[in-house]
Every structure is written in C-alpha cells, then in structure tokens.
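See below for the structure under consideration.
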Amino acid sequence: MKITTTQKKSGQPLRVAGLLITLGIVFGDIGTSPLYVVKAIAGNLVHLDEKILLGVASCIFWTLTLQTTIKYVVLTLRASNKGEGGIFALYALIRRNRKWAYLIAIIGGSTLLADGIITPSITVSSAVEGLRIFNPEIPTLLISVAILSLLFFAQQFGTVFIGRSFGPVMFLWFTLLGILGLSQVLHYPDILRAFDPLHAVRLIVSHPQALLILGAVFLATTGAEALYSDLGHCGAKNIRISWAFVKSMLVLNYFGQTAWLMHRPAGDREALHPFFDIMPEWFLLPGIIIATLAAIIASQALISGSFTLVSEAISLGLWPKQAIKYPSESKGQMYIPAINRFLWVASTGVLLLFKESSAMEAAYGLSISIAMMMTTVLLLLYLLQHNAPVPFVAALGIVFGGLEILFLAANLQKFAHGGWFALSLAFFLSLLMFAWYRGGMIKNNLTKTVAVDPVADMLLQVKRDQSIPKFATNLVYLSKSGRHKTMESTIAYSLLDKQPKRADIYWFLHIDVRDEPYVTEYEVYHVRPGEIIRVNLSLGFKVQPRVNLLFRKVLADLAASGEIQSGSRYPSLQGLPVSADCRYILLDRVLTADHTFPLWERFLMNLRDLFGRWSIPPSRAFHIDASNYIEEKVPLGTPDTLLWDLVRRMPPPSPVPGA
C-alpha cells in the first residue's frame, strides 16, 4: 500500500522560469571559475607567448567540451534515478548488483564534500580580492571570512528570499562574462584559432610545465559534478539548454582573458587579476559587486549540495544520523546544523590557512578530479548493467579514464603546495563513511535471527497473563530483519527475557531504504491477526524516516479497514475521542566482553563508536516523540539459552475461554 505524502517532483518544466532557476542552482561553481583559472596559469608561468596562450585557450575549450559537455551533459544526465542525479543516486542504481560499489561511492562522496569546503573559500576570496585594484591594503581576508560566516549563519533561516534572485543574478553574471570576453576577442580575433585542438596537443606534448598548466586548466570544469547532482532540481532538458548559453559565455570570457594576455602592451602593469584587468576602469566597482554576488550564489549552491549529499549518505547507511531541518517550504531545501557548523569551521579554516586565493588554487582541484573518476567508474558499471555494448563502454572508459588520469597526475603536482589539505579532508571523510558502513555491516552480521512463529505463540501467553503489568496498547519495535517470518533475537530477548512486556498489539516495524529517491509504501503481515503485526515500510533514499507520522497513518488505515480496533483500549476511556497509546522500543545493540574481533574489525568498530558520538539519538533520527519511546541496551547476538529451546519446542497456545 502507498502512503500519500507530499513529495518533491523531479525537475522543472521547460520554460523561461525553469531556465533561470537552472542558472541560479546548477552553474554557480563552474560559472565562477573564470575568476581564477587564467589567473592561476598566468601566475605560475614566467614566459607567456602566443603559442602558449593559444594552447591554454584550446585546452580550456576542449576540456569543457569533452569533460563537461560530452561526459556530463550528454551521457551522465541519462543515468537518472527516477529523475534524481548525483553520485549517491547513481550508486543506488547499481548497489544491488555491485555490492562492492559502496567503496567507489564513499570515495566520490567524500571528495565532493571536500570540494564543498574549498570552493566557497576560493570563490569568495577571488571575487573580493578584486578590491585590491582600488587599494592594495584592503583587508580582503577579513571581508571574505565575514561574507562566508554570514552565509553559513543564514542557512538556519532558509534562503528562499535571496534564492529568488539567484537566477536573474547568474543570468546577469554570465552575460557580463560574455560581453567582457567578446570585447577582447573583437580586438584580438586571432585567439579564435584556439578552437583547433592541435594547439592543445602541442602544448601538452612540448611544454615542460604542461602538467602544471593542466592542473590550472582543470579548474575550469570543477563544477561539472553539479550538473548531475542537481538533475532532480532542474531536469535534464533545462540543464542541457542552459549549458549551451553558459558554455558560450564561459568560452568567450576565457578566450578574452587569454587574448588580453597575448597582446598585452610591453611595460603594461603586471596582470594581478586578468578577469578584472579586462574590465573598463569605470565598471570595476560594479563588476566586483556582481562577481561577489555570483561567488555567494556559487557558495550557497555548494552548501545546499553538501546538505543533500549528507542526507542521502545517512539514508544509505554511509553517515551517522544527523538532525535535518526544513527552514522553509521550498522543495528540497534542508538544513543540517552539525554539517553547517562543520562546513563553516572548515571553510573559514581554509581561508585563514591559505589567506590568498592564489594559494588555495594549489589545494583546489585534486579532490574533485578523484570525484570525477569515481563518477566515471559508476557510470560505466551502470551502462554495463543496462546492457550497453561492451566496446562502447570500453571506449568511454579509455577516453574519459585517460583524460581524468591525466588531470589527476596534473593535480598531484600541487600536493606539496596545498593539495595535501584537500586529500587530508577527503581521507578523513572517507574513513568516517567507511567505518560507519563497515561497522554497521559487522554489527548486522553478528545479529542473530529467530523464527517469528514460536516467539509469537509465547507473546500470546504473555498477553493473557494478567499478573504482568500492561506495558502499552501498541508496542512497536523497529526491526532490522527484512524477512517477515524472522526477527532479531535481540527483540525476542527484550520482550521475553529482559523484562516480559504485555501489550494489546505487538508491532514489528522494518524500514527498507529503496534505490528510488521518492517512494513511501508499506506492506502489512498479520503474524497473529489483530495481535501481532509486522509492517514493512519502504522509503526512498531521499525520504526522511518520519516513523511517528507514518506509523499513525498505518494505524488509521488498518482501523478504517476493520483489521484493528481504533481508539483507546482502556475501559475508562473507551467511547471518548482518545487515540490508542503507542510505545516505541529502540534497541541499542551493544558488544559484550565476550566478543572478540580481528585487529582490523576492532579498529573499525572503535572508529564507528567514536563517530557515533556525533550522531543524534535514535528518537530524533526516526522522528519519534521523545515521550513515547524507550531506548534499551541489549547484548548483540544474544546466545542461545534454555529459553529459546523452550520457544522452539513450545506447543501452540490453548484457546482462552471468551478470548
């Protein structure tokens, strides 16, 4: 049965408003790359001549064409998970058939989160540093810290109001990029020779600093992952059509900056910032303001994307449970306080550690190049799973794998100059996800199951034993067993061995996270009709497990169909508009001293316990009213005892007169 809920519709209709929304949500990261890409190349090369700059412009154009247009816009957007995209959505599509693919998803997700930390810092600082053209002594570092701090502080209130301006501001930004670039291209049209890929090939083959140049060129495509991650917000058609405009403006601007460098008059002032240097002097202040607004929008997109990424990781069992809030009615907008604090501290730390955007360029790019490689691996697995021709998949692997290995090698040149920071962040986040996931698997493997039927028969005896105080009308256990004929021995231990619990109806609620993003369904199995009931609740990996609300809906449906009695079971309250009481039992499966593990598993379990301190209580994770639940600690993998021998051999209960 389906539970009717308000669910987010994937994508946006193809209209002008949808295209504007797409500009505001999707292209902030890749759209602000002109602030620092050419600047990074000009700052690292002592000698810049026409041949080198033609090769640079050609490399940028063909990187945007191959990596962004063909790989992401044409191919990867087709890997839609019911309209949703992103590395975890792609992993969810193949995880049933590729159990080991969680390793790829963990590496990709952690490097994307690392990118979400560094991108706001470099983007905002690159824009604010334009103020130094007016006064070299302006404290741009403090201004950048203040802007980022205000942005993170504003997350708790929602961003609907400023979000409405994202699209128009980004349209203005991209138009500005195109106009500025075109003004230089018209002056120096020989830069158009960069469309010839031979210039890129010659630069890569012959220049002694080719890898250093490619490391900076790669920054032009770092926002490509957002095209796929925001598929559910905007839709493939809107992204593809918007990209035609965005790419045209980006290419014009990159060509304009390199053309300006190519024909810079002798004795001209040093190009501290080519992006701002190609602006007319009268437009510098408005240009810096617009660039700063675009940087804020790009940062906001990365922050929101990080919230979505962590939310999906939680649902897929890759991240500790976190409190998720919805500060506005805007679809898909969420706020995770713990992650917001972490991102703020980390992003501010990046600013204070590197101080200058030019120093951050060394730290930027390495993590995202790894994320792109992981997306490529998952995409190839997805294509194979959907019976794509093997030669075609192999060709894609060779082309994009070779290109991304080349970019990875280029970015590894930055390791000692800041790349270590990005990899350290990614390693920490990967370790967190891996320990949490593997530790959970170890726990699940230690969890024993027993058949439901004999336990159910004993529960009926307990239910009719008036000497046992009544515990609740509806007693609900969250079960990890996915089979309706079995249950964890820890639940049986809690019900019978630890303290017998008498209730009118015993419920075993199992939550299954589906590979689809938005689905809310349930199935009911009457183990003993009207007395012992199992509910299998299927939720999409983007749906929050609001157990309290969903279970109440199940109760209402079953009462309406006459399968259970509605209202209170207490004689003094019957006939009054009082709903039946519910008590939830959440079991914390703890390891006892009897458990011994190999060294590696012990290390993972200790890490999981350490990271678990960051997790919120189960009642908050499952949105259960704190007054209606009890958390019990039970030994993991309870051993067989005489009680379970009796359960296995116990005859069916005899009928009770009048029952």
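The values are calculated or read from the model by the stated rules, or taken from the named source; none is laboratory data. Since the structure is predicted, the reported quantities are computational estimates derived from the model, not experimental observations. Note that we place each Cβ from the backbone using ideal geometry, even for glycine, and neighbour counts take in every protein chain shown. Areas reflect the complete protein model, heavy atoms only, side chains present, ligands, DNA and RNA absent. Shrake-Rupley method; radii C 1.70, N 1.55, O 1.52, S 1.80 Å.
For E281 and K99, FRET efficiency with R0 = 56 Å and r from the beta-carbon atoms, rounded to 0.05?
With a Förster radius of 56 Å, E is 0.40.
At 0.36 nm per residue, and after removing the present C-alpha to C-alpha distance, how many nm does the segment from A323 to R341 gain when stretched out fully?
5.2 nm
Could you give the length gained on full extension between W614 and F153, defined as 0.36 nm per residue of separation minus the Cα-Cα distance, in nm?
The W614-F153 span can extend by a further 163.9 nm.
May I ask you to give the solvent-accessible area per residue for the chain, in square angstrom, as obtained with a 1.4 angstrom probe?
It amounts to 42 Å² per residue over the chain.
Using unit Cβ charges (K, R positive; D, E negative) and no other charged atoms, how large, in debye to the nearest 20, is the dipole of segment 55-140 about its Cα centre?
Here the size comes out at about 720 debye.
Angle between the Cα long axis of helix 599-612 and the longest principal axis of the chain, 0 to 90 degrees, nearest 10?
Approximately 90 degrees, to the nearest ten.
Roughly how many Å is it from the Cα centre of segment 422-471 to that of segment 71-94, as a whole number?
A separation of 32 Å, based on Cα centres.
Once fully extended, how much extra length lies between I405 and L352, figured as 0.36 nm per residue of separation less the alpha-carbon to alpha-carbon distance?
Taking 0.36 nm per residue and subtracting the Cα distance, the gain is 16.0 nm.
Of the chymotrypsin sites (Phe, Trp or Tyr not before Pro) in segment 77-186, which ones lie in a loop per DSSP and count no more than 16 other C-beta atoms within 10 Å?
Listed in order of number, the matching sites are F134.
Using only Cα atoms, find the angle between the long axis of helix 16-25 and the longest principal axis of the chain, and express it within 0 to 90 degrees, rounded to the nearest 10.
Result, in degrees: 90.
For an R0 of 56 angstrom, estimate the FRET efficiency from the Cβ-Cβ distance between A560 and E601 and round to the nearest 0.05.
FRET efficiency, A560 to E601: 0.70.
Could you work out the longest stretch of the chain that avoids the GluC sites (Glu not before Pro) located in DSSP loops with at most 11 other Cβ atoms within 10 Å?
Between the exposed loop sites, the longest stretch runs 330-659.
Compute, for D457, the solvent-accessible surface of its heavy atoms (probe 1.4 Å) with the complete set of protein chains present, and express it in square angstrom to the nearest 10.
20
Filter the cross-link list K237/K325; K355/K414; K498/K553; K71/K237 down to pairs whose alpha-carbon distance in this structure exceeds 21 Å.
With Cα atoms farther than 21 Å apart: K237/K325; K498/K553.
Output wanted: per-residue J couplings in Hz (rounded whole) for segment 97-103, from phi through Karplus 6.51 cos²θ - 1.76 cosθ + 1.60, θ = phi - 60°, x for Gly and Pro.
Values per residue, Gly and Pro as x: 9, 10, 4, 7, 5, 4, 5 Hz.
Would you work out what percent of the accessible area of the chain, with all protein chains in place, is carbon or sulfur (probe 1.4 Å)?
Carbon with sulfur: 63 percent of the solvent-accessible area.
What value, in deg cm²/dmol to 500, does the helix sum -39500 (n - 2.57) over DSSP H runs of n ≥ 4 give at 222 nm once divided by the residues of the chain?
Value at 222 nm, helices only: -17000 deg cm²/dmol.
Using Cα extents along the principal axes in Å as the read-out, say which of (i) 96, 67, 54; (ii) 106, 71, 47; (iii) 105, 52, 48 was calculated from these coordinates.
Step by step, Cα extents along the principal axes in Å for this structure corresponds to label (iii).
Starting from the Cα coordinates of segment 364-428, work out the convex hull volume and express it per residue in Å³.
63
Give me the log10 of I(q) over I(0) for segment 465-547 at q = 0.17, 0.27 Å⁻¹, as the Debye formula computes it from C-alpha points; what are the numbers?
-0.73, -1.33
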